[in-house]
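Let me begin by presenting the structure, written as structure tokens, before commenting on it.
Rule-based calculations on the coordinates, nothing more; no lab input. None of these values were measured; they are calculated from a predicted model. When we count neighbours, we look across all protein chains shown, and the Cβ atoms used for this are built from the backbone with ideal geometry, even at glycine.
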């Protein structure tokens, strides 16, 4: 079992979980045979996905920063800015370089005492 959440805590494996719960070999032998906890699987996902529309809208909606530089009728200027962004920003390459993290995916499973014993053997 790799990369899961227990009680909103991210664990990379059973050893992480045992450290998190302060379970050692002595504690493990003292646990009830039917001991189990529920955990949640994870999925590796990009931290976010950038879209060209976001970049364009962010720039065009911040005219307060440079409003004295835009003409009164700026529709043509806005269109030129959109074209410049489309032609110069490789959003696919940008997204490919963004970091990925493990996020809970809603699929639940149980870890039992026997799993801990098997891991420590």
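Counting neighbouring Cβ atoms within 10 Å and putting the fewest first, the residues 118, 36, 82 line up as 118, 36, 82.
Placing one equal scatterer on every Cα of the chain and applying the Debye formula, the log10 ratio I(q)/I(0) at q = 0.15 Å⁻¹ is -0.77. Length gained on full extension, residue 15 to residue 46: 8.6 nm, using 0.36 nm per residue less the C-alpha separation. Relative to the current alpha-carbon distance between residue 98 and residue 77, full extension at 0.36 nm per residue lengthens the span by 4.5 nm. Hey, in the GNM for the chain with a 10 angstrom Cα cutoff, which one of 78, 48, 70 fluctuates hardest? It is 70. Note on region 48-98: the alpha carbon radius of gyration divided by the globular reference 2.2 N^0.38 Å gives 1.28.
Adding -39500 (n - 2.57) for every DSSP H run of four residues or longer, then dividing by how many residues the chain holds, sets the calculated 222 nm ellipticity at -12000 deg cm²/dmol. Result for the chain in a Gaussian network model with C-alpha springs under 10 Å: among 15, 32, 72, the largest mean-square fluctuation is at 72.
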